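Values in this text are rule-based calculations from the coordinates and carry no lab data. Everything numeric in this text was worked out from a predicted model, so none of it was measured. Here the Cβ is made from the backbone with ideal geometry for all residues, glycine too, and neighbour counts use every protein chain on show.
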Amino acid sequence: MKRSQTFWIFPFLLLIAVAAFAQEQKSRNKSYEQGKLDARAAVQEGIYVIKTWGLVSPSIGGAVCGSFPSRESFYKLMLKEEFGISYESSAGCIVGQDEVDYFAGYNDETKTAVLGKYGLGFFDKARRKADAEFDRKYGEKQKACEKEQADFLESVKSLPARQPH
């Protein structure tokens, strides 16, 4: 290839790359904006939902040594019961960028509405309240459970390694 032909290939490839990036950004912005629109419609109906995805954390904190809710489950239940704010698992572990952007737009709009209704710092205050209530109700059980789990792990360490046949 001649030098003059090579000179024109680079700007052409650069133009294609910029156009592809711009199209991806447009798609992301569209998904994000659609999430905001959908959340705005829900909020106008008094529905406050925070969308999540991925593995759902265990709802039982003491699955090994007794039945009580996890700290996170307790917090989410308090938000729902006292303030009408729900967490909704909307997708599995594998999500595309459009879904991530949609959820981000939806959650940004919902959280803005919640802060407008309950004031700045609401989520921090709610978390502290839930933690205090959780500790009051389940703190001793959780400590006992953590000790039981630590004791179990310590006892497993002393088992001899399995020998291959």
Could you work out how far apart the two model spin labels at Asp135 and Glu154 are, taking each label as a point 7 Å from the Cα in the direction of the beta carbon, and quote it in nm?
-> 2.5
Proximal lysines relative to Lys76, as straight alpha-carbon distance under 29 Å, when same-chain residues fewer than 8 apart are discounted | Lys36, Lys51, Lys111, Lys117, Lys125, Lys129, Lys137, Lys141, Lys143, Lys147
